[in-house]
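Just so you know, all these numbers are worked out from the coordinates, no wet-lab data involved. Note that this is a predicted model, so its numbers are computed, not measured. We place every Cβ from the backbone using ideal geometry, glycine too, and count neighbours over all the protein chains shown.
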Amino acid sequence: MNGTTNFLTAVLLLLPSISFADEPFRPVPGVFAPMEKAHTYRGELVFVDHANRRGSIRVEGSGMFFRNSPHPFAMLPYGMIRRHGAPSDLRDIPLGTVMHVKAFLPPDPRTSPVPVLAVDNKSKDANHNRGTGIFPAENHLLLLEDEPSYCLRSGLVWNLKSLEIEGSQGKITGVRSAKQQMPSSTPEETMTFDAATRIWRGRELLSVAELVDEGTWPSSGKHRLELRVLIGISWKPTPNGIFTRFHISDIWLDGIAIRRATKSQTAIHKEFIRSRWMPAWIDKVEYGKFGTATVTATLFGGMDASLYADFKKGASARMNSVTDTLKHNHGAYGPSHMACRGPILDVRKVTGAVPLGSSGIQIQLKTDLITEGVRPGRIVRIWPGNWPTPNLPREEYIKKGLLERYPTPEIFPQFE
Amino acid sequence: MNELQRKKFFLTVGLISLLCTLTVAAGEPFRPMEGEFPSLEQAHSYRGELVFVDHANRRGSIRIDGGGRFRFTIPSPFAMLPYGIVRYRGAPADLRDIPLGTLLYVKAFLPPDPHVSSVPVLPVDNRLKKLGYAGTGVAPAENHVLLLEDDLSHNLRLGLKWELTEINVTAKGSTLTATRRTVNGSDAVDGSETFSFDAATRIWRGRELLELTDMIRNQTWPASGQKVLDRQEVHLGISWKPTPGAIFTRFHIVDIWLDGISLTRATRRQSEKHKDFIHGRWMPAKVDAVEYGKFGNAKVTATLFGGMDESLYADFKNGSGAMMAASENTLKHWASGTAGTAQMASKGVLTMVQRKKDNTSIGSSGIQVTLETDLVTEGFRPGRIVRIRPNNWPLVEVPRDEYLHDGRNTINDRFPTPDIFPKYR
């Protein structure tokens, strides 16, 4: 009896905290939002407006997946995208990829670049057999990651248990589980594969037909599998009246294969950040005389460590104001031409726990000509002195007006 | 001048006038006729970077190479013609398959009907206009595309290859210099071109994916400095990204196929992907004729669109069962709400499948089929677009963004205004 009472008491004590964690959370501008308070969902990337760091995702709800209209989302300024276990930009993610999302309400609804919805939207049934939770108001993203990134971050692998194959296509059933042979807490999932599924082994790219030819997989029938791998997941319509079944786009059979995939995506993103500059926000501005100022900024998180290592005390850096979408604000002259310049006075690592979104690295830059936009809480991009200085394409910088910064939600097709 | 001389004079003048007209006509903006497949030769050609994709409406934006400063060029909206073909890695593709940033070659026309254009309608002489530093021809009125293909597909179609002549590896940025030549000849098609490449460039050899470090480790390429590459034959995947060093237009190599095996594998994979896509979305076609019978009976004759894998056409067999559903110019299904295309489609038997001998456009497969149905539905009219499913293809429900909703959709849903594109002027 005592045991039961204690258990019930524990459950009752726990319930409010679970309920609180699931409450809609609106981040405060200037503070990195805690991931524990994010609303979690997953879905298929359907539409991308990479220049404005936003897009649409078909959110998995409790109903018929194909009926769900793509749901607009925007990346928070410090929101991170990860592909193949590495940092990435939205343009790097193939359409159709199933992504895991951690999201919040818009920090400031007045400047949201995507539709602002009722805060309780995630608990509404969308009707027409679409189910609940397919258009949450939490459409400002802290983290958007593909399946291998999610598994690598969470210390999980896919334990593939059975294979049903005919020709080069079929179904695989598996479950995510911890790397150590722990029992899984998530349900089994059956997914399709086909002749276009990429199978990575070492530095080889194989097809299903080649696995069959070499005798690794049978050519037909239902069979037991014992594979612990990482997989890439996408979605395509499923025959036979099945409403929600995902598709395996990639299988990484070994550590070498996934490390090479991660390395390649890391190289793409490093080059991207070196040309677009490191995003950060302003913590403090100490104004001097005749336009001089000392600016303290926190670099955003999720980048490759080698990029942060380029920020060195004494280096001659440049800092340019950007919008919440991380677009440079300089017109056609180029950020190098318009940025504040000056030496980095200090680079320090913040002590204590570092929230996701922040790198935990703070820099202090002294400039003799502070420009508009470099104010506490605002976003900047910083060039540390040894990166290349290419000029950016037209859609990646602002030239005119607020509407250009935040085009109306009409950019998204209306399907209702 | 006697009668014979006068006749010869007028004949000569006439011929000269005709030749002049033809010369001008070949370079003139061309507007395809509704219901006809235009020929590739009449198209305006350009190339550029794919910047934005709205695959559900078969349109997007491309940053066109106008001989100026590439980065200043505003992405120019384009729409695929209903019979327009997308090719990636030497195989048929959908717009969603092409990574943003890819350099594409375009063959395009004026909008067949400007009233229903799903992208902005521009002055017909726009391709001659110089737009500041961006250069000339960066926003042509020819924005309805018959053929959109990546560099690999472009080379394979025209029997071309790249030859690598020099590599230069430096800490500040590496380059490869290459010349495009005909496969069976030694003549260079263009002058040599210098491209950037980096640690993320994918190098395909047989069934291996190599990295730059692998090429350096096996001493094929230098760790730093220049090396002459002795005209190594390759195929390239080309994209664009901002170039440092005040270089206005330099493209970037994302893929190198070192041999035929790697190339064949890339083409096969994309081909499989697209076959599966067409199985799910059905074969697009244009209605040629409708013969109405009694009580809803009809014989509908249609020409299947071109550019698909041959195995898809082979599934259209005389005497086999099939479904036919009305579709938009964007090839969206008209599913009549959420009932689904299969439920709303006309069902029947293919009573005729024939290949025309005089097919002159890549937009047409040259294959004509007749479906005899006992319940013809609205949308099957000569010149209109349909999608056809042979009964041995899988039956799937297409996602919400790929069908129109009966009673809820308006003309604005079918053709959203150009406001869908961000304005950067």
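Observations
- Gained length - residue B:318 relative to residue B:199, 0.36 nm times residue gap less alpha-carbon distance: 37.5 nm
- The range B:40-155, relative contact order [Cα under 8 Å, separation at least 6], %: 34 percent
- Of the trypsin sites (Lys or Arg not before Pro) found in the range B:295-385, the ones in coil according to DSSP and having at most 15 other Cβ atoms within 10 Å of their Cβ are B:317, B:356, B:357.
- Anisotropy class of the range B:60-133 from Cα gyration tensor, a/c 1.5 cut: oblate
- Put simply, the amide H of residue B:397, placed in the peptide plane, has neighbours under 5 Å in A:238, leaving out anything fewer than 5 places away on its chain.
- Overall form of the range A:293-410 per C-alpha gyration tensor (a/c, 1.5; a/b vs b/c): prolate
- From phi via Karplus (6.51, -1.76, 1.60), per-residue ³J(HN,Hα) for the range A:369-380 in Hz, x at Gly/Pro: 8, 6, 10, 5, x, 8, 9, x, x, 8, 9, 9
- Ranking A:100, A:352, A:129 by how far each Cα lies toward the positive end of the dipole of chain A (charges on Cβ) leaves A:352 at the top.
- Only lysines eight or more places from residue A:161 in sequence, or on another chain, were considered; those with a Cα closer than 30 Å are A:102, A:171, A:179, A:222, A:236, A:263, B:273, B:275.
- Distance in nm between pseudo-label sites at residue A:213 and residue A:123 (7 Å out along the Cβ direction from Cα): 5.7 nm
- Rounded to 0.05, the FRET efficiency of the residue A:169 and residue B:41 pair, given R0 = 60 Å and the Cβ-Cβ distance, is 0.90.
- Highest-MSF residue in chain B out of B:158, B:146, B:350 [GNM, Cα springs under 10 Å]: B:158
- Between the beta carbons of residue A:110 and residue A:40, assuming R0 = 30 Å, the FRET efficiency works out to 0.70 to the nearest 0.05.
- For residue B:373, neighbours were defined as the other residues whose beta-carbon sits under 9 Å from its Cβ, and their charges (Lys and Arg +1, Asp and Glu -1) total 0.
- Loop sites in the range B:241-328: chymotrypsin sites (Phe, Trp or Tyr not before Pro), DSSP, at most 10 other Cβ within 10 Å: B:295
- Rg over Rh [alpha-carbon atoms, Kirkwood Rh] for the range A:30-151: 0.94
- Folded to 0 to 90 degrees: helix A:2-21 orientation relative to chain A principal axis, Cα: 50 degrees
- Among residues other than residue A:232 with Cβ under 11 Å from its Cβ, the summed charge is -1 (Lys and Arg +1, Asp and Glu -1).
- Model label zone, residue B:136; criterion: amide N under 17 Å from point 7 Å along Cα-to-beta-carbon; scope the range B:52-74: B:64-70
- Most fluctuating residue given options A:264, A:88, A:359, as computed from a GNM of chain A linking Cα atoms under 10 Å: A:264
- Local net charge near residue B:266, Cβ-Cβ under 9 Å (Lys/Arg +1, Asp/Glu -1): +3
- For residue B:259, the residues whose modelled amide H falls within less than 5 Å of its own, excluding neighbours fewer than 5 places apart on the same chain, are B:206.
- Note on residue B:218/residue B:34: beta-carbon distance plugged into 1/(1 + (r/R0)^6) with R0 of 51 Å gives a FRET efficiency of 0.35.
- Per-residue average of Cβ from other chains inside 10 Å of B:387-400: 4
- Whole-Å semi-axes of the range B:282-414's equivalent ellipsoid (Cα gyration tensor): 23, 17, 15
- Model label zone, residue A:28; criterion: amide N under 16 Å from point 7 Å along Cα-to-beta-carbon; scope the range A:322-358: A:355
- Placing unit charges on each Cβ (+1 for Lys and Arg, -1 for Asp and Glu) gives the protein assembly as shown a dipole about its Cα centre, and among A:75, A:397, B:324 the Cα reaching farthest toward its positive end belongs to A:397.
- Theoretical gain in end-to-end length, residue B:395 to residue B:172 [0.36 nm per residue, Cα-Cα removed]: 75.0 nm
- Spin-label model distance (nm) - residue B:182 vs residue B:124, 7 Å beyond Cα toward Cβ: 3.5 nm
- Contact order for chain A, expressed relative to its length and based on alpha carbon pairs under 8 Å spaced 6+ residues apart, stands at 15 percent.
- Hydrophobic, long helices, defined as DSSP H runs whose alpha-carbon span along the helix axis is 27 Å or greater and whose mean Kyte-Doolittle value is at least 0.5, occur in chain B at B:3-27.
- Long-range HN-HN contacts of residue A:233 with modeled amide H, under 5 Å: A:98, A:147, A:249
- Radius, Kirkwood style, for the protein assembly as shown when every pair of distinct Cα atoms is counted (Å): 29.1 Å
- Relative contact order %, chain B, counting alpha carbon pairs below 8 Å whose residues are six or more apart: 15 percent
- Working from label points 7 Å from Cα in the Cα-to-Cβ sense, the residue A:346 to residue A:179 distance is 3.7 nm.
- Shielding of peptide B:195-201 by partners, expressed as the average count of other chain Cβ atoms within 10 Å per residue Cβ, is 4.
- Choice from A:44, A:166, A:147 with maximal GNM fluctuation in chain A (Cα, 10 Å cutoff): A:166
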